Amino acid sequence: MKIHRNVWILGWVSLLTDFGTKMIQSILPLFLVSTLGANLITVGLIEGIAEATASVLKIFSGALSDYWGRRKELAVAGYGLSAIVIPLFALANNPVWILIARFGDRFGKGLRVAPRNALVADVTKAEHRGAAYGFRQSLDTIGAFCGPLAAIVLMYSTGQNYRLIFWIALIPAFFSVLLLVVGIREPAQSIQHKQSPWQRENFKQLGRDYWLLLLVALVFNLGNFSDAFLLLRANQVGISPPLVPLSLVVMNLIYSLSAYPVGLLSDRMGRIGLLSSGLLLFALVYLGFAFAQTPNQIWLLFGAYGLYLGMSQGILLALVADCTPAALRGTAFGLMSLVIGIALLPASGLAGWLWQSINPQAPFLMGCFFAIVSLLILLLTVKDKRHV
């Protein structure tokens, strides 16, 4: 299939943005704990607040893009805000600065993601959506593993100068915004049928399967806490601080290699089976993190976690697009993110509390439990729109 120009551009924008963002995120937990003296509960709260903020905002940006019939401007504002706040990481002298910076970064993500996902659906035929979302996700993830790789090199070459690495992360973020402004062309069909975002009738149009997918996402994300805890677990098991970002490289390399082929496969054989397999794999991976005892086991688990991402993230987006009318796609993607955000804050906060109050295994066992429950709901209730 031919990938639309906008999907290519959005993929490269995501690649550059994730390059800078993952440079920061791959070393941020260590910076918080070793340099700023934060405890694990603080790390969990910062990550939970940041991710929940992004998810809650997506409902508003998605609905607004449906009402305006315009998606590009909101995407530009979101990517731009995430770039502007990067200097705050470098200037931080206590965890409050990091909270503000992460809040601003995720605020930007909240503005851009639903309109961006709707833009992909606007220019892609239904039979190719799995491939289109998988392709954009693959480019996104190339940035997500190159960023931590750059962080590793810089950690060694600068003597673990966290603040300098944060400043360097500003460069790819700037170019991502420039590419988005210059490269994206709003499709004509996206401005023809404006929808008032809060009409009750709109929510009825979303349909039964969409609401069941929301339930699956809510339950699953109650145990899907921040990846910061995976990095801290890697360090605890024996991976040295300069090599901790390499775990994200492994994860995102597998993610990048698997997302597009899995998306293509979902277009041909259906999405529910693949998504179910991804949720099962997540449960097994978290069980592994709970009981891992050697660095080699951690490396394997990060690779398996990347495969889970490739089997779930793009497919979930394609399922949402399959279940919803074109004029409400922004609202649908935004509402999905809102539900995820409702779960993320308690998930990361609870994970930090369980780690400190019980043991490091407890949060991973919690994540495994919620993944199994969400898998059962998915298998028992949601129908595959591609094969009914």
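The values are calculated or read from the model by the stated rules, or taken from the named source; none is laboratory data. Every value quoted in this text rests on a predicted model; they were computed, and no experiment measured them. Cβ sites come from the backbone with ideal geometry, for glycine too, and all protein chains shown count toward neighbours. We work out accessible area using only protein heavy atoms, side chains counted, and drop any ligands, DNA or RNA first. Shrake-Rupley method; radii C 1.70, N 1.55, O 1.52, S 1.80 Å.
Among the residues of the range 78-101, those that are more than 28 Å from Arg329 (Cβ to Cβ) and not aliphatic (A, V, I, L, M) comprise Pro87, Phe89, Asn93, Asn94, Pro95, Trp97. Confirm whether Ala321 is under 17 Å from the mean Cα position of the chain (by Cα) and of a type in the set (A, V, I, L, M, F, W, C). When the stated conditions are applied, Ala321 does not pass them. Of all residues assigned to the range 95-102, none qualifies as being part of a helix (DSSP H, G or I), more than 25 Å from Pro242 (Cα to Cα) and either modelled with pLDDT under 80 or open to solvent by less than 30 Å² (accessible area, probe 1.4 Å) (or both).
Does any residue of the range 12-33 turn out to be in contact with a Leu (Cβ under 6 Å, 6 or more places away or on another chain), surrounded by fewer than 24 Cβ atoms within 10 Å (Cβ to Cβ) and modelled with pLDDT under 75? No. Applying the set (1) surrounded by fewer than 20 Cβ atoms within 10 Å (Cβ to Cβ); (2) of a type outside the set (Phe, Trp, Tyr); (3) modelled with pLDDT under 85 to Ala114 leaves exactly one unmet item: (1).
Scanning the range 256-271 turns up one or more residues that are under 14 Å from Cys146 (Cβ atoms) and in contact with a Phe, Trp or Tyr (Cβ under 9 Å, 6 or more places away or on another chain). Can you find a residue that is closer than 23 Å to Ser14 by Cβ, in contact (Cβ under 8 Å) with a residue 40 or more places away in the chain and over 17 Å from the mean Cα position of the chain (by Cα) anywhere in the range 271-290? Looking through the range 271-290, at least one residue is closer than 23 Å to Ser14 by Cβ, in contact (Cβ under 8 Å) with a residue 40 or more places away in the chain and over 17 Å from the mean Cα position of the chain (by Cα). Does Arg208 satisfy being modelled with pLDDT of 90 or more and among the charged types (D, E, K, R)? No: the conditions fail for Arg208. Restricting the range 79-90 to residues that are free of Cβ contacts under 8 Å to residues at least 40 places away in the same chain and farther than 14 Å from Phe175 by Cα leaves a set whose member that is most open to solvent (accessible area, probe 1.4 Å) is Leu88. Applying a threshold of 6 Å to beta carbon distances and a minimum spacing of six or more residues, or different chains, the list of pairs starting in the range 320-341 at a residue that is under 24 Å from Asn224 (Cα atoms) and ending at one that is open to solvent by 10 Å² or more (accessible area, probe 1.4 Å) and among the β-branched types (Val, Ile, Thr) reads Ala332/Thr324; Leu338/Val56; Gly341/Val56. When residues in the range 70-88 are screened for being of a type outside the set (A, V, I, L, M) and modelled with pLDDT under 85, 4 of them pass. Listed conditions (1) in contact with a Leu (Cβ under 9 Å, 6 or more places away or on another chain); (2) at pLDDT below 90; (3) open to solvent by 10 Å² or more (accessible area, probe 1.4 Å) are all met by Tyr67, apart from (1).
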